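Visitor: Quick one: the structure is below, questions incoming.
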Amino acid sequence: MAQPDVIVIGGGLAGLTAALHLAEAGVRPLLIESDVRVGGRLAGAETETLEMGGRSWHFPAEHGIHALWGQYHNVRAMLDRHGIAAARKYARYEEWAHAQRGRVLRAEAGSAVRRSFIPAPFHYIGLLFRPAFLRMLTLADLIGLPRVTGSIYLALAYDPLCEEIDFGSRTVAGLFDGWPPSLRAFITALMRSGLAAQPEEVPLAGFLAFLRFYTLLRRDAWAFEYLPDDSAAAVIDPLAAAIQARGGEIRLNTAATKLERTPTGWRVRWTCREEQGESEAPQIIVALDAAAAKGLLTGSPATAPAAEQLIWPTCLDTGVVRLWFSRAPNSTAESGVCSGDMTIDNFFWLHRFQRGVAEWHAATGATVVEMHIYGPPDVLAQPDAALIAQAANDIQRIHPELRGHMFHQTMRRNPPSHTRFGAASGPKHLGVASVWPGISCCGDWVGYNHPSLFLERACVTGIAAAARVLDSLGRPTPQVLAATPAEAPARAVEWALRKVRKAVGRKDKGQGEG
């Protein structure tokens, strides 16, 4: 391949999105990825094969189950444009399972939120019309509802992803102080399932952004679709094929080690197994996770002085346990979130939405459940066998009918690439438009003026990074799709709370000057 027009460093969803949009515009990208597979947190992994009923059944492992949420407009547009993952499965039911004092209570909560007859931001009232949910609350929870509501509506007064707000080191733990126990457990379960961290670890800005994007502004923001197959087969492999079909090149096992300025752009030094080499291009796109990007940019003399002044987010370890059972649970829910005295944070019944597992279930009546463990670190430090045993105990407490039916198990430990999301914005955080000429950045942790998180943010920043390159070349640029606006009542409450916030700010400023 001749010298590429642009080098994309990192083959996660953000890097693949950027490379695809460049290739679609007739620009030749070279994408380099340090791993043996592209995909990042959507990458495939080893396949587990079981023999049952005289047939081999294959279960591809992955970083964890992913879904396309209501506001993932840019991800859907890209996939639909190329006919990728078209057979997605709409989510119907999600349980909340709470363990306390030796028993487990359960209530279906997902459909009550997204199908509520009450508009946002009041739609969570719909949960109070569900007897199973009410049984999980105490008198203290009902008395404390106004305090909880007031705390949650803080997200309507601030938009951390689209305005520069300094919350300092404040975490969600302070917001939760004084909340009644069951409601605190419920919101914590939702938060941990989405942000993969404990309340004392989650930056307040990240939590407010999470509420706004996924649930508080619209009922249908909580609607989502499961991928029909493992994420590599459903999304990543077709995206990579689309890039290569349009003239892009992908090199695996190739880790960027240093960036150097050249008279015409940038030189990327890299290693590939035992080989060392270099590639040059007028522009580069850094599409790495936060830890890898920090290592590359602070380790390159050409970028280190500015990179060392940036604030870098931390990354989190996660664990994934899969258990195989000879029968399915009685529940019709596809998934659930957990709180209280349990190790697992959420669970997914794969036969409900993955085609290969559904076929196996139809033939054998068996099922496999995937459970995620997001810490804390002392929990993840335990041996695999201990975590598998705890996960098995948790899921069988939730579904006692499964006891005695487990026959296989696996444990996967993911590298620390999942970002502790803090809604970073401003000059002290890395953004799509970097401070270095000819370098753009993308990733679900990268700053950009768009109210999106995770897969959608990876896609949005990938499109925006590609657009910067194409604009510099005088080519037409792809447009980032906006999020659907808040429902009318949510907009009204947001307007009122922002007025109050500004009035309080002016008052505090006046008192300070006085």
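Only the coordinates and a few stated rules stand behind these numbers; no lab work does. The structure displayed is predicted, hence computed values, not measured ones. No Cβ is skipped: glycine too gets one built from the backbone with ideal geometry, and neighbour counts run over all protein chains shown.
Visitor: Any idea how far apart Val500 and Leu145 come out in nm if each label point goes 7 Å out from Cα toward Cβ?
Guide: My value for the distance between the label points is 1.8 nm.
Visitor: Run the helix sum for the chain: -39,500 (n - 2.57) per DSSP H stretch of 4+ residues, divided by residue count, reported at 222 nm to the nearest 500 deg cm²/dmol.
Guide: Helix-only estimate at 222 nm: -9500 deg cm²/dmol.
Visitor: Is there a quick way to get the dipole size of the chain? I mean about its Cα centre, with the Cβ of Lys and Arg at +1 and of Asp and Glu at -1; what is the value in debye to the nearest 20?
Guide: I would put it at about 1360 debye.
Visitor: Taking square-rooted eigenvalues a ≥ b ≥ c of the alpha carbon gyration tensor, is the stretch 115-177 rounded, prolate or oblate, where a/c under 1.5 means rounded and, failing that, a/b exceeding b/c means prolate?
Guide: Because a/c hits 1.5 or more and a/b fails to exceed b/c, the stretch 115-177 counts as oblate.
Visitor: When the Cα centres of the stretch 340-387 and the stretch 222-267 are compared, how far apart do they sit, in Å?
Guide: 28
Visitor: Could the peptides 89-98, 266-275 be put in order, highest first, of the mean number of other beta-carbon atoms found within 10 Å of their residues?
Guide: Details: 89-98: 20.0, 266-275: 14.9.
Answer by packing, highest mean first, reads 89-98, 266-275.
Visitor: Would the stretch 62-188 count as rounded, prolate or oblate if I go by the C-alpha gyration tensor, calling it rounded below 1.5 in a/c and otherwise prolate when a/b exceeds b/c, oblate otherwise?
Guide: Note, shape of the stretch 62-188 comes out oblate.
Visitor: Would you list which aspartates and glutamates come within 16 Å of Lys428, measuring only between C-alpha atoms, while excluding same-chain residues fewer than 8 positions from it?
Guide: The reachable aspartates and glutamates, counting only those whose Cα sits under 16 Å from Lys428, are Glu163, Glu164, Asp166, Glu308.
Visitor: May I pose another question? Between the stretch 44-73 and the stretch 133-175, how many Å separate their Cα centres?
Guide: 35
Visitor: What is the packing order of peptides 240-253, 223-236, taking the mean over residues of other C-beta atoms within 10 Å and listing the highest first?
Guide: 223-236, 240-253
Visitor: What size of dipole, in debye to the nearest 20, comes out for the stretch 315-419 about its Cα centre when the only charges are +1 on Lys and Arg C-beta atoms and -1 on Asp and Glu C-beta atoms?
Guide: With Lys and Arg at +1 and Asp and Glu at -1, about 300 debye.
Visitor: Here's a follow-up. Label the stretch 192-276 by shape, choosing from rounded, prolate and oblate, from the square roots a ≥ b ≥ c of the eigenvalues of the Cα gyration tensor; if a/c is under 1.5 it is rounded, and otherwise prolate applies when a/b is larger than b/c, oblate when it is not.
Guide: Cα axes put the stretch 192-276 in the prolate bin.
Visitor: Along the charge dipole of the chain, pointing to its positive end and built from +1/-1 on Cβ of Lys, Arg, Asp and Glu, which listed residue (Pro181, Gly10, Thr318) has its Cα farthest out?
Guide: The residue sitting most towards the positive pole is Pro181.
Visitor: Note the full-extension length gain between Asn330 and Ser169 as 0.36 nm times their separation in residues minus their Cα-Cα distance, in nm to one decimal.
Guide: So the extension gain works out to 53.6 nm.
Visitor: Follow-up. Please list the non-local residues whose amide H lies under 5 Å from the amide H of Ile250, H modeled 1.01 Å from N, same-chain partners needing a gap of 5 or more.
Guide: Long-range HN contacts for Ile250: Leu31.
Visitor: Roughly how far apart, in whole Å, are the Cα centres of the stretch 308-329 and the stretch 444-502?
Guide: 26
Visitor: Now, a different point. Out of Ala385, Gly375, Thr303, whose Cα points farthest toward the positive end of the dipole of the chain (charges: +1 Lys, Arg; -1 Asp, Glu; placed on Cβ)?
Guide: Value: Gly375.
Visitor: Also, I was wondering about something else. Suppose every K and R has +1 on its Cβ and every D and E has -1 on its Cβ; what is the size of the dipole of the stretch 63-198 about the Cα centre, in Debye to the nearest 20?
Guide: 700
Visitor: Based on the Cβ-Cβ distance of Arg269 and Glu46, what FRET efficiency does E = 1/(1 + (r/R0)^6) give at R0 = 35 Å, to the nearest 0.05?
Guide: About 0.70, to the nearest 0.05.
Visitor: Another one. Give me the percent of DSSP beta bridges within the chain that run antiparallel, rounded to the nearest 5.
Guide: 75
Visitor: Give me, ordered by chain and number, the residues 5 or more places off Thr314 or on other chains with an amide H under 5 Å from its own placed amide H.
Guide: Long-range HN contacts for Thr314: Arg420.
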